[in-house]
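Enquirer: The structure under discussion is supplied below as structure tokens; questions concerning it will follow.
Please treat every number below as a calculation from the coordinates, not as lab data. Bear in mind the structure is a predicted one, so any value in this text is a computation, not a measurement. Heads up, the Cβs are rebuilt from the backbone with ideal geometry, glycines too, and the neighbour counts pull from every protein chain shown.
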Amino acid sequence: MNDEYLEFFLSKFGAPTDVVAATSEQVESYRGILPDRLLEYWQQLGFSGFQNGLFWITNPAEFEDVLESFLEGTEFADYDNYHVIARSAYGELYLWGEKTGYSLSIIPHLNWIKTNKGSEGDIANSKANEAIQHFFAIRKVKTIDELVGSSSLFPSVLKKHGSIGKDEVMVFTPYLFMGGRKSPDAMAKEDLHVFLQVMADLGGAEIIDMATMVGNVIKHYES
């Protein structure tokens, strides 16, 4: 498959460091639900980890229950059908809406649900494949990582704790929104799905409207 967007993603993230093949049944179960191009990525790359587990392509089926818990009672629950298509080593979940594309992410260690610009217009105009290509092409290693000042945290995490497996997550102890520190010495490797469910059950996530914030900044500089 000749895909310059995927090639650009791989030029930054490299080949998968942990390969988890996607079965044909897993791929076909999302036919007509998620963009065909994403399903092609699953066939080519699987649900694999990059950069020693900093970034993972995910099987949305494994996150359905916890995602429902996170979104229950929010304005998003009835607006779109969301699927977790990727996640970070710190448990950030990247959500794809069937109508809105990449319009939400959940950042458990900050207790945030963050809105993004999304791709509602593209999807309405049958350009979902282009939208998912753009999602991968604009990912950057440094922005997926946590920063301590201007330095990336993950290299130090790797040195102390090792790579992050498919069902593992690095947890700040205490959580950052409870006063935790961005330090490998103040972190622990835990079960991903247990951690996410605990955070979902905690509730009270703050909705961070990044789409509006970015729009306001652009308007400010254009005025």
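Enquirer: Ranked by Cβ crowding within 10 angstrom, fewest neighbours first, how are ILE208, ILE144 ordered? Please list the in-between numbers first.
Expert: On the way: ILE208 16, ILE144 21.
Starting with the residue having the fewest Cβ neighbours, the order is ILE208, ILE144.
Enquirer: Still on this model: I want the local charge near LYS140. Using Cβ-Cβ distances under 15 Å, sum +1 for each Lys or Arg and -1 for each Asp or Glu among the other residues. Don't skip to the end; give the middle numbers.
Expert: On the way: positive: LYS12, ARG139, LYS142; negative: GLU92, ASP145, GLU146.
Every neighbour counted, the sum reads 0.
Enquirer: While we're on this one: What lysines sit close enough to LYS160 to cross-link, taking a C-alpha to C-alpha distance under 16 Å and skipping anything fewer than 8 places away on the same chain?
Expert: Qualifying lysines at Cα under 16 Å: LYS182, LYS189.
Enquirer: Round to the nearest 0.05 the FRET efficiency obtained for SER156 and ASP65 when R0 = 25 Å and r is the Cβ-Cβ distance. Walk me through the intermediate numbers first.
Expert: On the way: r = 33 Å, r/R0 = 1.31.
Result of the calculation: an efficiency of 0.15.
Enquirer: What relative contact order, as a whole-number percentage, does the chain give when Cα pairs under 8 Å and 6 or more residues apart are counted?
Expert: Details: 356 pairs, mean separation 42.8, N = 223.
Answer for the chain is 19 percent.
Enquirer: Which net charge results for the neighbourhood of MET210, defined as the other residues with beta-carbon distances under 9 angstrom from its beta-carbon, given Lys and Arg at +1 and Asp and Glu at -1? Write out the running numbers ahead of the final one.
Expert: Working: positive: LYS114, LYS117; negative: ASP209.
Result for the neighbourhood of MET210: +1.
Enquirer: Working out 0.36 nm times the residue gap between VAL20 and VAL148, then minus their Cα-Cα distance, what length gain in nm do you get to one decimal? Walk me through the numbers on the way to the answer.
Expert: Values: separation 128, 0.36 × 128 = 46.08 nm, distance 3.08 nm.
Extending this stretch completely gives an extra 43.0 nm.
Enquirer: I would also like to ask the following. Can you work out the Karplus-derived ³J(HN,Hα) for every residue in the range 140-145? Use 6.51 cos²θ - 1.76 cosθ + 1.60 with θ = phi - 60°, whole Hz, and x for glycine or proline.
Expert: So the Karplus estimates, Gly and Pro as x, are 10, 4, 5, 7, 6, 6 Hz.
Enquirer: I've got another one for you. Taking K and R as +1 and D and E as -1, what net charge do the other residues with C-beta under 12 Å from the C-beta of LYS114 add up to? List each step's numbers first, then the result.
Expert: Values: positive: LYS117; negative: GLU92, GLU206, ASP209.
My count for the surroundings of LYS114 gives -2.
Enquirer: Here is a follow-up. Label LEU202 and ASN125 with points 7 Å out from Cα along Cα→Cβ: what is the distance between them in nm?
Expert: Here the answer is 4.1 nm between the modelled labels.
Enquirer: Starting from a Cα-only point model with no solvent, please compute log10 I(q)/I(0) by Debye for the chain at q = 0.08, 0.15, 0.17 1/Å.
Expert: Values, matching the q order: -0.28, -1.06, -1.37.
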